[in-house]
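Peer 1: Following this message is one structure expressed as structure tokens.
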Amino acid sequence: MSQEFLNFVSIQLSRENKISLYVQLYDALRELIINGKLSHGYLLPPVRKLAAYLQVNPGTVVSAYKLLEQNGYIFSRSGSGSYVAEISGDSEDNCQPPALEAEFEAVVPKAVVPHNCLDFATVMPPPDLLPIDDFKSVLIEVLDRDQGNAFSYQDSQGFLPLRQSIARYLKDQGVRAQADNVQIISGAQQGIDIVAKSLLNYGDYVFTENPTYPGAIAAFRSRGAKIIEINMENDGMDIRELETKIRTFRPKLIYVMANIQNPTGYSYSIAKRNRLIGLARRYNAMILEDDYISELDVSNVPLAPLKALDRDQRVIYLKSFSKIFMPGLRLAFLLMPPSVATRVMASKHNSDISTSGLTQRAFDLYLRKGIWLQHIAAIRRIYLERYQTTLAAIEQFVPPTVTCHRPRGGLTCWLALPEGVSARQVVAEAEAQGLLLTPGTAFFPRQAPDRFIRLSFAVAGSAQILQGIKLLGEIIARFCLPSTAK
Ligand SMILES: Cc1ncc(COP(=O)(O)O)c(C=O)c1O
């Protein structure tokens, strides 16, 4: 055998396999690159030569090279061929990617924010907005009522009265639900993790939005799943890209935030919701809908969850209470299609047996007494004011070359800086001046563009919002000046 192909002897392509030949070749080459068998700078064989060696059509090699290039594994130089790129820690397949884990930490709210800082990074209600007195009263009522039972092992699926209350709450949101299909979990992060454990095996494909919530990427990677991103547009995923990739990769799971996506704030149009569900049906993928904030949709016609359109039980609905209630309670739930319920319940049990019974009982009373709805109405009023102040301040103080999509609500804005201005540098400079922000790079699984900033108005009051955004506008304006003028 020619020396030239020694590196490729392990490649076995099968025409019997359901997966297209070019995806098989893509997988095999990617494996060689990740394992270091083809190192940075290695010149790949010309298309025709590799095609002849593997006895496939040259088009198969062209498509595999194209996909490798799209996913950052190789780069081409016109006239001289395709080379292996430098694979950093944030490559899609690295199960313990140090870069991404560090980024994940960057978006997990800091327990302690330095004094005198203007905090536009934290995305959770500040302690002074938490309804402590109301919660204290339901806790006391539960303790009087249930005594020691509140502290015994709880049913792993969750406290039945709470599951019933949640099913009722969902019906009011337009989602058909029964207590039997509700699984109480200890936070949405656990929900993503147990869905990943239930559905994904090593090497399975999972689709995510690009950008997306880094905690989900970390959970999928921990299963050894392969992540394929679909670019976000301001009305949802790029459906053409989804269609091409779903045909190619046949993912088991598609992870989406249909309402007020984290980090972009984009929400899916009705047409895209229907297309997404239709494509998932056609290619037999499950959808994990992460609804972390839809209660803070302050538009005139709030959107129902994607789950409300799910006619054939394909959407696993995940709801967190962290961003709208008390993150430290560690309380969330999954609404499970029957096809996955047994696996999800087993994974939950294996994970932590059950979510705190005391918390579940107290939250159930909170829902039943209608205090929850009062709380949501109260925080909506507060956040509507912060939302309006933030958007107005951006309009007034931030250079017009910075674009900011108007989200339907939520707690954050997504700023796109002009070409050539580094978001990381702006964030670092802002931090040096006491203004905390999150660089957008934290939310891209790979090949993160350095031009986005997520700005949270969850913690800052109106006066701080005005002060902070004015300062941010000045910092960005300086970075926009030609280098000699800075
Ligand atoms: C989109 C999204 N999903 C899930 C989570 C995790 O939420 P929880 O605190 O309920 O685990 C977060 C937290 O930031 C989030 O932003």
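Peer 1: Run through the stretch 407-449 and list the GluC sites (Glu not before Pro) located in a DSSP loop whose Cβ has at most 10 other Cβ atoms within 10 Å.
Peer 2: Counting only loop positions with at most 10 other Cβ atoms within 10 Å, the GluC sites (Glu not before Pro) in the stretch 407-449 are GLU419.
Peer 1: Fewest Cβ neighbours within 10 Å first, please rank CYS117, CYS413 accordingly.
Peer 2: CYS117, CYS413
Peer 1: If the cut-off is a Cα-Cα distance under 21 Å, which lysines reach LYS37, setting aside same-chain residues fewer than 8 apart in sequence?
Peer 2: Partners within reach: LYS49, LYS66, LYS226.
Peer 1: If packing is taken as the average number of other Cβ atoms within 10 Å across a peptide's residues, how do 290-296, 355-361 rank, most packed first?
Peer 2: Descending packing order for the listed peptides: 290-296, 355-361.
Peer 1: Turning to a different aspect of this structure: For the stretch 364-432, max minus min Cα coordinate along each principal axis, in Å, sorted largest first?
Peer 2: Largest to smallest, the principal-axis extents are 53, 22, 18 Å.
Peer 1: Compute the orientation-averaged projected area for the chain from the convex hull of its Cα atoms and round it to one decimal in nm².
Peer 2: 25.4
Peer 1: Okay, helix-only estimate at 222 nm for the chain: each DSSP H run of n ≥ 4 adds -39500 (n - 2.57), divide by all residues, round to 500 deg cm²/dmol; what do you get?
Peer 2: Rounded to the nearest 500, the figure is -13000 deg cm²/dmol.
Peer 1: Fewest Cβ neighbours within 10 Å first, please rank LEU331, LEU32 accordingly.
Peer 2: LEU32, LEU331
Peer 1: Run through the DSSP bridge list for the chain and note the antiparallel percent, rounded to the nearest 5.
Peer 2: For the chain, the DSSP antiparallel bridge percentage is about 55.
Peer 1: Now a separate question. What pairs in LYS171/LYS252; LYS252/LYS307; LYS319/LYS369; LYS197/LYS307; LYS171/LYS369; LYS252/LYS323 have C-alpha atoms more than 25 Å from each other? Before the final figure, lay out the partial values.
Peer 2: Values: LYS171/LYS252 28 Å; LYS252/LYS307 18 Å; LYS319/LYS369 20 Å; LYS197/LYS307 21 Å; LYS171/LYS369 17 Å; LYS252/LYS323 28 Å.
The answer is LYS171/LYS252; LYS252/LYS323.
Peer 1: Further question on the same structure: On a full-extension model of 0.36 nm per residue, what is the gain between GLN313 and GLU16, subtracting their alpha-carbon distance, rounded to one decimal in nm?
Peer 2: Numbers: separation 297, 0.36 × 297 = 106.92 nm, distance 3.08 nm.
Value of the extension gain: 103.8 nm.
Peer 1: How much of the pair distance distribution for the stretch 3-84 lies past 16 Å, counting alpha-carbon pairs only, in percent?
Peer 2: Within the stretch 3-84, distances greater than 16 Å cover 47 percent of Cα pairs.
Peer 1: Hey, fewest Cβ within 10 Å first, where do VAL61, VAL84 land in order?
Peer 2: By the 10 Å Cβ count, ascending: VAL84, VAL61.
Peer 1: Another question about this same structure. So for the stretch 132-369: antiparallel DSSP bridges make up what percent, rounded to the nearest 5?
Peer 2: Values: 10 of 28 bridges.
Percentage antiparallel, nearest 5: 35.
Peer 1: Expressed as a whole percent, how much of the Cα-Cα distance distribution for the stretch 275-405 exceeds 22 Å?
Peer 2: Summing the P(r) tail past 22 Å for the stretch 275-405 gives 55 percent.
Coordinate-derived values only; no laboratory data. This is a predicted model, so every value here is computed, not measured. Cβ atoms come from the backbone with ideal geometry, glycine included; neighbour counts cover every protein chain shown.
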